[in-house]
Amino acid sequence: MLLPRLIASDLDGTLLRRDGTLSSRTLRALRSAESAGAEVVLVTARPPRFVDRLAEATGLTGTAVCSNGALVYDIGTRTVVSSRVLPVTVAQRVATALAAVLPEVGFALETGNQVLYEPAYRLRLSEEIDAELPVASLADLWLTDVPVTKLLAWSDRLDADTLLAAARQGVGPAGSEVQFTHSGGRGLLEISAFGVTKAGTLAELCAGRGIDATEVIAFGDMPNDLTVLDWAGTGYAMGNAHPAVLAAVPSHTMSNEEDGVAHVLERLFGPPTAR
């Protein structure tokens, strides 16, 4: 069996444990794979600023596909290599249509560097305190001139699956302009420009490197990972994955808490102590 040339891994719920840390076993497995010639690409819903913090804690370098495919990010130089942004006018149309279906939903705009949020968007993340900036009203949200990577819709009453189903079924023509998904955030729906997916961006990155999908192994746990798990030559759903992911992806590994990614990589590349 030929070894994969590229390892594409989600972060939360996949490579990282529940507390947001990368275990020493998984880090060793990644480094062992890199020593054998494989490239590791992080493929995440998270923005570059989160990847920066992870890199500082672990020493990870290389490339990350961030914001569900909207950004390609060079970790070492902290540079956005390419981007596919969501026009604010499109975000506004989609938010208006979604609010007509789900009036209690609040909205925010993710820029990669910051989250701009209106009063009804009350989701706060402890690790994002410095990056979260309020605006006075929903109307003010659409005045930003900063490029937007995602529109975020949040509800304190509905779960992410319910929001996703409502968005796909109820927003009408505006829905054809965007890509709806979620990554397991509590009551959080993620909306990107049409055609922006983790798989689409990873496929372009691999094409530039002369890497075929059959030479890629991917790991993920949430609906936003399904495109990558389907596109890659080998895709693994984590043992803790969303039921829809477990049902759609034939190959499963152990949970993130059990170092499921390392378990597969050690089988392919051998235990780190042997290299």
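The values are calculated or read from the model by the stated rules, or taken from the named source; none is laboratory data. Keep in mind it's a predicted model, so treat the numbers as computed, not measured. Cβ sites come from the backbone with ideal geometry, for glycine too, and all protein chains shown count toward neighbours. In case anyone asks, the SASA skips ligands and DNA or RNA and just uses the protein heavy atoms, side chains included. Shrake-Rupley method; radii C 1.70, N 1.55, O 1.52, S 1.80 Å.
A few comments on the model shown:
- Helix 160-170 vs. the chain, principal-axis angle (Cα, 0 to 90°, nearest 10): 60 degrees
- In the range 1-128, Cα pairs under 8 Å separated by at least six residues give a relative contact order of 16 percent.
- Ranked packing of 46-53, 3-10, most packed first, by mean Cβ within 10 Å: 3-10, 46-53
- Under Karplus coefficients 6.51, -1.76 and 1.60, residue-wise ³J(HN,Hα) of the range 111-125 in Hz, glycine/proline x: 10, x, 9, 9, 10, 9, 10, 9, x, 6, 8, 10, 6, 10, 10
- Net charge, Gly62 excluded, C-beta distance under 10 Å - Lys, Arg +1, Asp, Glu -1: -3
- Contact order, relative form, for the chain: 21 percent (alpha carbon pairs under 8 Å, 6 or more residues apart, mean separation divided by residue count).
- Cα gyration tensor shape for the range 184-241, rounded if a/c is under 1.5, else prolate or oblate: oblate
- Across the range 95-110, computed HN-Hα scalar couplings (Karplus, 6.51 cos²θ - 1.76 cosθ + 1.60, θ = phi - 60°) run 4, 4, 5, 5, 5, 5, 8, 10, x, 7, 6, x, 10, 8, 10, 9 Hz from first to last residue, x flagging Gly and Pro.
- Calculated mean residue ellipticity at 222 nm for the chain: -9000 deg cm²/dmol, from DSSP H runs with n ≥ 4 weighted as -39500 (n - 2.57), summed, divided by the residue count and rounded to 500.
- Computed with a 1.4 Å probe on the full set of protein chains, the accessible area for Glu127 sits at about 70 Å².
- What the phi angles of the range 21-26 give under the Karplus curve with 6.51, -1.76 and 1.60, with θ = phi - 60°, is a coupling list of 9, 9, 5, 5, 5, 5 Hz, glycine and proline written as x.
- Exposure ranking of Asp225, Asp159 by accessible area [1.4 Å probe, largest first]: Asp159, Asp225
- Within the accessible area of the chain, the carbon and sulfur atoms contribute 54%, probe 1.4 Å, all protein chains present.
- The length gained by stretching the chain between Thr61 and Ala139 to full extension, at 0.36 nm per residue less their Cα-Cα distance, is 24.2 nm.
- Under the shape rule built on the C-alpha gyration tensor, where the axes satisfy a ≥ b ≥ c, the range 174-275 is oblate, since a/c reaches at least 1.5 while a/b does not exceed b/c.
- Probe 1.4 Å, protein heavy atoms only - accessible area per residue of the chain in square angstrom: 43 Å²
- Maximal additional length on extending the Arg122-Thr89 stretch stands at 9.6 nm, based on 0.36 nm per residue less the C-alpha distance.
- Environment charge of Gly220, counting only residues whose C-beta is closer than 11 Å and scoring Lys/Arg +1, Asp/Glu -1: -4
- DSSP bridge orientation in the chain - percent antiparallel, rounded to nearest 5: 55 percent
- Full extension of the chain between Thr77 and Ala100 gives 4.0 nm of extra length, using 0.36 nm per residue less the Cα-Cα distance.
- For the chain: rounded, prolate or oblate by the Cα gyration tensor [a/c cutoff 1.5]: prolate
- Size of electric dipole in the chain: Cβ of Lys, Arg +1 and of Asp, Glu -1, about Cα centre, debye, nearest 20: 340 debye
- Arg53-Arg168 FRET efficiency (beta carbon distance; Förster radius 25 Å; 0.05 resolution): 0.15
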